[in-house]
Amino acid sequence: MRILPNGDRALLVEFASLDLVLGAHAAWSAAPAPGIVELVPAARTVLVRIDPVVTGLAAIEHWLAEHPASPLALADGDVVSVPVTYDGDDVAAVADAWGCSIDAVIERHLATEWLCGFIGFAPGFGYLVPAPGQSALPQVPRRETSRPRVPAGSVALAAGYCGVYPRESPGGWQLIGRTSLELWRDDTEQPALITPGTRVRFERVPA
Amino acid sequence: MSHAVVDVVDPGALTLVQDLGRPALSSLGVSGSGAFDRAAHRLAQRLVGNDEGAAGLEVLLGGLRLRVAAGTWIALTGAWVDARLDSASASVAVPPHSAVLVDADAELVLGPVTHGARCTVALRGGIDAPLTLGSRSRDTLAALGPAPLAAGDVLPLGPEPASPVPVADLVPVDPPPRGLVELEVRPGPRADWFTSDALDLLVTAEWKASARSDRTGVRLELGSAVDGGSGGLARVPAREGAELESEGMLRGSIQVSPDGAPTVLGPDHPVTGGYPVIAVVVDASLDRLAQLLPGQPVRLRRATGRA
């Protein structure tokens with residue numbers, strides 16, 4: 001764990017792996033030091049934002065050093081089941097990239113248990129990685145040109161991650177399928193169905 | 001209890017509903033958003049007796065025209081505009097930083113900005129748009145909150161607040177500067193990705209606010225004579241071409257894109273980003289970003305003392 005400066009109201013804490021990020025985010029969110037207003041997990045870091053009226057960066061740095069993270073215990077996360085119809089426009093391109101059949105792409109995607117590492121890009125857009133103990137899937141690059149409109153519910157792959165577009169938005173990931181599950185409801189207290197630490201299993205439904 | 005409505009005659013270039021935003025939802029991918037010039041927002045709301053968290057209008061470059069059929073109090077802060085109240089019988093100038101009664105038959109007309117870029121309009125009762133995740137702010141990047149104003153829109157106002165319109169003839173506030181704007185910065189998490197020349201250039205160059213700036217971020221470009229032929233903020237050799245895994249961003253984070261140009265992130269910034277952050281604009285300087293016009297000179301200054 002390495003604590004980096006980040007202006008006058010935040011620190012950036014860097015970790016060696018995503019499961020340490022998730023462990024730190026879960027532990028620190030459950031019992032934050034007074035004055036921490038926000039914790040933002042990402043691939044290798046947790047951003048710690050403070051209210052400078054309540055606390056100071058030196059005090060928080062000290063508190064963080066006294067609260068080292070351990071990897072997230074997997075059983076802690078909620079499990080969300082996502083029904084998918086595998087008819088995405090790029091599923092054949094992914095099969096080409098992996099050198100296998102479309103059915104084999106679907107099988108590997110279904111056989112993997114996923115874990116939401118962090119949310120970025122758009123509200124509720126979780127970056128899913130194979131859960132600890134699961135083998136990584138071969139990487140697929142982002143599309144060369146981004147689509148101006150990707151429909152809500154599109155299930156996609158890129159750069160070692162899987163994601164489900166929670167709302168219609170532009171997007172450059174490879175689309176392999178779609179779900180009817182509502183992942184984002186901004187009229188509720190808990191707008192995102194998938195949050196950092198959520199485990200995700202995909203289930204196949206016919207077209 | 002009056003529940004007046006606002007009739008939008010002309011929204012100007014871009015008018016957005018803003019309050020103080022969504023402060024702590026970044027881990028769900030939702031940025032802070034809210035008024036770009038927070039001090040201007042708070043002052044405008046106080047001038048008409050509203051709670052500071054009431055929603056007002058953020059008007060880019062002026063040009064807004066509206067009517068309030070029931071009449072109400074309004075106040076203008078932030079950028080200075082040539083504003084007037086037009087009615088059949090008269091055309092009266094509206095001073096900045098002052099509560100002004102808009103009569104039922106009058107039209108509030110905001111001319112072009114004369115100082116600064118974003119004018120805040122507060123109306124007594126506040127704009128009563130629906131709440132999205134606890135805020136009425138429009139997040140332009142995530143497309144959350146009320147759509148930008150369009151001609152013909154009818155916006156409801158909230159109920160008359162408990163507190164009266166305060167008795168203050170005029171709050172003396174300087175207009176946003178037309179010339180050089182100084183912003184204080186502190187080191188960012190990836191300052192060590194950049195050469196010592198780049199770190200010096202950041203705080204010695206005269207930058208110019210780019211026309212490619214909005215609520216997502218204000219891009220800075222080098223003024224002509226200063227850069228000494230350099231291509232912007234250069235990375236140390238070990239980091240040239242390196243990819244950074246996405247990490248959390250702040251309002252004020254100065255991201256440096258591969259071409260060496262810095263962008264200071266604004267209220268609607270992406271929650272995470274993959275460009276290294278060389279420095280961060282301190283909280284006390286953030287509101288000044290809202291008032292920068294394209295081409296305006298900007299100097300970044302290293303903050304001193306403890307954060």
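Only the coordinates and a few stated rules stand behind these numbers; no lab work does. From a predicted model like this one, the values you see are computed outputs, not experimental measurements. Note: ideal-geometry Cβ built from the backbone for every residue, glycine included; neighbour counts use all protein chains shown.
One table, with the values for the structure above:
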| item | result |
| --- | --- |
| Net charge contributed by nearby residues that have their C-beta within less than 12 Å of A:Tyr161 (K/R +1, D/E -1) | 0 |
| Modelled label reach - A:Glu107, point 7 Å along Cα→Cβ, segment A:133-151 residues with backbone N closer than 17 Å | A:135-138 |
| Shape category assigned to segment B:181-302 from the gyration tensor of Cα positions, a/c cut at 1.5 | oblate |
| Selection from B:Ser253, B:Ala35, A:Ala43, by position along the positive dipole direction of the protein assembly as shown (Cβ) | B:Ser253 |
| Karplus 3J(HN,Hα) series, Hz, for segment A:137-146 with 6.51 cos²θ - 1.76 cosθ + 1.60 (x for Gly, Pro) | 8, x, 6, 10, x, 5, 4, 5, 10, 7 |
| Segment A:52-68 and segment B:38-113: distance between their alpha carbon centers, rounded to Å | 43 Å |
| Euclidean distance of C-alpha centroids, segment B:122-161 and segment B:1-20, integer Å | 7 Å |
| Most mobile of B:Val121, B:Val236, B:Val218 in a GNM of chain B (Cα contacts under 10 Å) | B:Val236 |
| Note, ³J(HN,Hα) from phi for segment A:193-205, Karplus 6.51, -1.76, 1.60, rounded to Hz, x at Gly and Pro | 6, 10, 10, x, x, 5, 8, 10, 10, 9, 10, 7, 10 |
| Segment A:79-204, dipole about Cα centre (Lys/Arg Cβ +1, Asp/Glu Cβ -1), debye to the nearest 20 | 160 debye |
| Residue of B:Trp207, B:Trp80, B:Trp193 that the Gaussian network model of chain B assigns the largest fluctuation, springs spanning Cα pairs under 10 Å | B:Trp193 |
| Gain on full stretching of the segment that runs from A:Asp187 to A:Glu61 - 0.36 nm per residue minus C-alpha separation | 41.8 nm |
| For B:Phe194, residues with placed amide H under 5 Å, excluding near neighbours | B:Val236 |
| Chain lengthening between B:Ala147 and B:Arg65 when straightened (0.36 nm per residue, less Cα-Cα) | 27.8 nm |
| Distance (nanometres) between label positions extended 7 Å along Cα→Cβ at B:Val9 and B:Asp86 | 0.5 nm |
